[in-house]
Amino acid sequence: MTWPSRGSDTGQAFPIYITVVAGLLLLAFAYLAVGQAAANRNGAQTAADAAALAAALDTRDDLAVEWKANVLDPTKWQAIFDGDGVPYAGCGRAQQLAAQNDATADCGPAAGLLPGYTVEVETNKPVGDSIIPGTETMHSVETATAVIEPLCTFEPPGEGGEGDVLPELSCKDRDWILKPDDLDVLPEPEDLFDVHLAD
């Protein structure tokens, strides 16, 4: 009776070993490619969020300045709280923030009930070389929308507009009793408006 030699078994197992190792390496490179793409996409989303928020904050500050300029005319308050009365010039700030995050931004007004901005960001750097064809020229594109939400309510004044008594302004964290002859302390932009990313 002849027994097979151990060398024969080793020779048969070697190709299987090579195949398994090659498969594992291929799987590792695939995971690496997915990780590269995810990191690039996360960077694009971060840049989009920051750019949209920056644009909305810029306009929020303009709205607060407009409200303070018209604090003695409460007939204009509601329009300002609705987002009217200022140019929406925050896209320049959005593009600046995107550039700081190594990306380019396409910015415009948000569609919806609240004023704000929608920003689409594309990364300047591609995903990079990987085993997946085309990733060396693929750029991540992500979108974010930031809105400006009023935090204050008040009783609209009666006919006649300006007067000696201003409406009480009820904001999220404080009620403001405003006196026409004592306007040294007024709400700050963050007291009047909230800026946040839309869901």
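The values are calculated or read from the model by the stated rules, or taken from the named source; none is laboratory data. The shown structure was predicted, so the numbers you read here are calculated from the model rather than taken from an experiment. Virtual Cβ from ideal backbone geometry, glycine too; neighbours counted across all protein chains shown.
Structure above, values below:
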| item | result |
| --- | --- |
| The lone exception for Thr118 - which of (1) among the hydroxyl-bearing types (Ser, Thr, Tyr); (2) at pLDDT below 95; (3) within 16 Å of the chain's Cα centre (by Cα) it fails | (2) |
| Members of the stretch 39-75 that are under 26 Å from Leu178 (Cβ atoms), part of a helix (DSSP H, G or I), in contact (Cβ under 8 Å) with a residue 40 or more places away in the chain and of a type in the set (Asp, Glu) | Asp61 |
| Test: residue in the stretch 138-151 that is assigned to a loop (DSSP other than H, G, I, E, B), surrounded by fewer than 19 Cβ atoms within 10 Å (Cβ to Cβ) and at pLDDT 95 or above | yes |
| Odd one out for Asp61, checked against (1) modelled with pLDDT of 95 or more; (2) acidic (Asp, Glu); (3) loosely packed, with under 14 Cβ neighbours inside 10 Å | (3) |
| Residue check, Ala33 modelled with pLDDT under 55, part of a helix (DSSP H, G or I) and out of contact with any Pro (no Cβ under 9 Å at 6 or more places or on another chain) | yes |
| One residue from Ala79, Ala99 being among the small types (Gly, Ala, Ser), at pLDDT 95 or above, in a helix (DSSP H, G or I) and surrounded by fewer than 16 Cβ atoms within 10 Å (Cβ to Cβ) | Ala79 |
| Which listed residue is in a loop (DSSP other than H, G, I, E, B) and modelled with pLDDT of 95 or more, from Pro187, Pro156 | Pro187 |
